[in-house]
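Notes for the one structure printed next.
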Amino acid sequence: MSDPAARPATPSNAPPGLPAPRTVLVVDDEKNIRRTLQLVLEGEGYHFLGAETAGQALAILASPQAPVDLVVLDVQLPDMSGLETLAKLRSDEATRDLPIIVISGHATVNDAVQAIKLGASDFFEKPLARERVLVSLRNVLDAATAHRELAIVSEQQLLRYEMVGRSTVIQRLFFDLEKVAPTKASVLITGESGTGKELIARALHRLSPRSDRSFVKVNCAAIPRELIESELFGHEKGAFTGAMLRRRGLFEQAHGGTLFLDEIGDMDLVAQAKVLRAVQSGEISRVGSEHVIHVDVRVLAATNKDLSKAVENETFREDLYFRLAVFPIRSPALRERVEDIPLLAQSFMEQFARENGVRPKPMDDDVVRALASRKWPGNVRELKNVVERSAILSGDRVTIADLPEDPHASPFEEEAEAAPAESPAALEGMDDEGETLKTPVPSPGGKHLTLREFREKSERQYIVDTLRMAGWNISRTAILLGVERTNLHKKIRAYRIKRGEG
């Protein structure tokens, strides 16, 4: 192979023990194109691989010694067209999710449409503009990295719980779900609005032996007081004005399965007494009938109210409270699981993309940091709304300008957010891009810390704590911290952080 760019090479500048730079494979039969892209990409810190034919490219991709993060693929190749190569890569499980950018010197609209249909991440024409290439690579790689990080954590979680998270509180929640789901015990789910109480109820049903039977939800707060009994227990024809036909209630509809009583704290005392009877004995009677019906129903209930106080105020029956709260589960507020915000935001971005037939958009680091710094009184539901709105307003990627204003920020916080904050990375010895510190982290030895010393010491400790939480995985840690992986590498070297410390 006469072309030096075609030979896979191992980068010698990768710090020992840390991930290598991301590798881009350029497949183009024009040597000048490969050479130009090599200079551009290596100048930006990428590891470059080159191939002049589809056959060479497939051989490189099949080699375990040369993992590739992204492919830039020309449409016109001497042995196989770029579109045929793209289809072949998408049909192979090993390269099905590999990001691929298609380029062409003689592109047609049909070529572009076909490339996108086959799963190309982007498509643009020659001559190649440097900034256009770099922006596209950055967007595609960031989106792919976020997708992989989400997949690592969420593949099993989404299948089992429809929830994702790495925080201690969410992992404890998953543990409780696994323990109580297989039983017949009633569960009372408490928590603030928007924390996902219904998701918890559905996870309990999905993990139970009743998963193949009905899951019936009733919002007790949305049903008028005079109709709640009819909704829950059904009614006979003529039982009241407007009862033209016999109707089965929700308890009957949930027979053999699960009944989820959402907002149980808003149910009136008369209906509570009948629910207590149904939970205790499995017996119900339709409104207007004395006939007893036996039902086999597992009851789950949820509320954002303090039922113990409602019992004290005699607005909720004590016996029903204890009957429902055999196994209480608290749905944590988002402020208790801030480290899950990057993962949740990416999950909502991908969900929005699937539902609207578009590609997920990568989010800038300062967007992730801004999301993590908000108060979120509306919890996960509010975060989802903000991510979806940002996806609609943004271009190729979500920038800080695309975020809606925080309606919960105080005037002082808004002023601080608008002003350019001095980051710890901008302090003495380190610039805004995270260049290496010229002096080690100070060791005050008991003296009063200066502001600079406090910032550096706090940042170092926070990085170590996050690395430990992420199992010393650099990519996961970078996502949690909301920084570029390359900048995290620099900070690790600058602060002389060693794997396993802390």
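The values are calculated or read from the model by the stated rules, or taken from the named source; none is laboratory data. The shown structure was predicted, so the numbers you read here are calculated from the model rather than taken from an experiment. Glycine also receives a Cβ, built like all others from the backbone with ideal geometry; neighbour counts cover every protein chain displayed. To get the accessible areas, we keep the full protein, side chains included, count just its heavy atoms, and leave off ligands, DNA and RNA. Shrake-Rupley method; radii C 1.70, N 1.55, O 1.52, S 1.80 Å.
The table below gives the values:
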{"item": "Residue check for residue 476: under 20 Å from residue 346 (Cα atoms), in contact with a Pro (Cβ under 9 Å, 6 or more places away or on another chain) and not hydrophobic (A, V, I, L, M, F, W, C)", "result": "no"}
{"item": "Residue match in the stretch 252-264 (condition: within 28 Å of residue 309 (Cβ to Cβ) and in a loop (DSSP other than H, G, I, E, B))", "result": "yes"}
{"item": "Lone unmet requirement of (1) at pLDDT 95 or above; (2) under 25 Å from residue 101 (Cβ atoms) for residue 379", "result": "(2)"}
{"item": "Filter result (part of a helix (DSSP H, G or I), free of Cβ contacts under 8 Å to residues at least 12 places away in the same chain and not charged (D, E, K, R)) within the stretch 266-324", "result": "281, 311, 322"}
{"item": "Residue in the stretch 35-42 that is part of a loop (DSSP other than H, G, I, E, B) and not β-branched (Val, Ile, Thr) present", "result": "no"}
{"item": "Enumerated helices (runs of 4 or more DSSP H) restricted to the stretch 54-158, each holding at least 3 residues that are modelled with pLDDT under 85 and open to solvent by 40 Å² or more (accessible area, probe 1.4 Å)", "result": "109-117"}
{"item": "Scan of the stretch 43-53 for residues that are without any contact (Cβ under 8 Å) to a residue 40 or more places away in the chain and assigned to a loop (DSSP other than H, G, I, E, B), ordered by number", "result": "53"}
{"item": "Hey, residue 331 surrounded by 22 or more Cβ atoms within 10 Å (Cβ to Cβ), closer than 28 Å to residue 179 by Cα and of a type in the set (S, T, N, Q) or not", "result": "yes"}
{"item": "Close pairs from the stretch 239-253: first under 18 Å from residue 283 (Cβ atoms), partner acidic (Asp, Glu) and surrounded by 12 or more Cβ atoms within 10 Å (Cβ to Cβ), Cβ under 9 Å, at least 6 apart", "result": "249/229; 249/231; 250/231"}
